[in-house]
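Presented below is the structure to which this report refers.
FYI, it's all coordinate maths here, none of it is from the lab. Here the structure is a predicted model, which means the values were calculated and not measured. Here the Cβ positions follow ideal geometry from the backbone for every residue, glycine too, while neighbour counts run over all protein chains shown.
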Amino acid sequence: MLELDALDHEPHVRRAIDLAREAGDRGDGPYGSVLVRDGEVAMEATNRENTDDDVALHPELTLARRAARELSRAERAETVMYTSTEPCPMCAGGIAITGLGGVVYSVSAARLAEAFDGPEGIPCGEVFERRGREIPVLGDVLADEGMEIHREFRE
């Protein structure tokens, strides 16, 4: 299992937040994600629900699906997903099935729900546990910056 504490998270979370801004500027929800392996960005994605008229095109699920196609099981286990916002249950299920090595997010679903009176959902770590996966999760990295993106595109 990957040790998330040993990695430098801020540059990758910052990139995910930049991707979230790109998505918001384009008219999609402000969500962005990157997959990182051996300290290098392997893949990036933005939310494309509105652009491509597909409610399942969250960046986390897009990257999980792509990783399942393009990376071996061993490579996936060494890959960390950095994302602007905690993965929703749909995306967390995809991450669990794909067998990624870890998830680092900026803004928790609970904080987002509280700020905008939305549903809290299920924490991604709980989804991983229910799927029988030990995927480490680290949250609240650059959380104020991540929340600012949501405020920017919801006002």
Helix-only mean residue ellipticity at 222 nm for the chain, each DSSP H run of n ≥ 4 adding -39500 (n - 2.57), per residue, nearest 500: -13500 deg cm²/dmol
- prompt: Alpha carbon centre of region 123-155 versus region 87-110: separation in Å?
  reply: 7 Å
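Working out 0.36 nm times the residue gap between GLU22 and MET90, then minus their Cα-Cα distance, what length gain in nm do you get to one decimal? Working shown, then result.
Working: separation 68, 0.36 × 68 = 24.48 nm, distance 2.22 nm.
Here the segment from GLU22 to MET90 would lengthen by 22.3 nm.
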- prompt: Does region 43-126 come out rounded, prolate or oblate, given a ≥ b ≥ c as the square roots of the eigenvalues of its C-alpha gyration tensor, rounded meaning a/c under 1.5 and, failing that, prolate meaning a/b above b/c?
  reply: oblate
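Using the Kirkwood formula over every pair of different C-alpha atoms, what hydrodynamic radius in Å results for the chain? Each step should come with its number before you reach the end.
Working: mean 1/r = 0.0665 Å⁻¹.
Computed over Cα pairs of the chain, the Kirkwood hydrodynamic radius comes out at 15.0 Å.
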field: For region 1-97, with +1 on Lys and Arg beta carbons and -1 on Asp and Glu, the positive-most of THR51, ALA67, PRO87 along the dipole
entry: ALA67
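Over region 97-147, consider all pairs of different Cα atoms and compute the Kirkwood hydrodynamic radius from their mean reciprocal separation; express it in Å, one decimal. Numbers along the way, then the final one.
On the way: mean 1/r = 0.0847 Å⁻¹.
After inverting the mean inverse Cα-Cα distance, the result is 11.8 Å.
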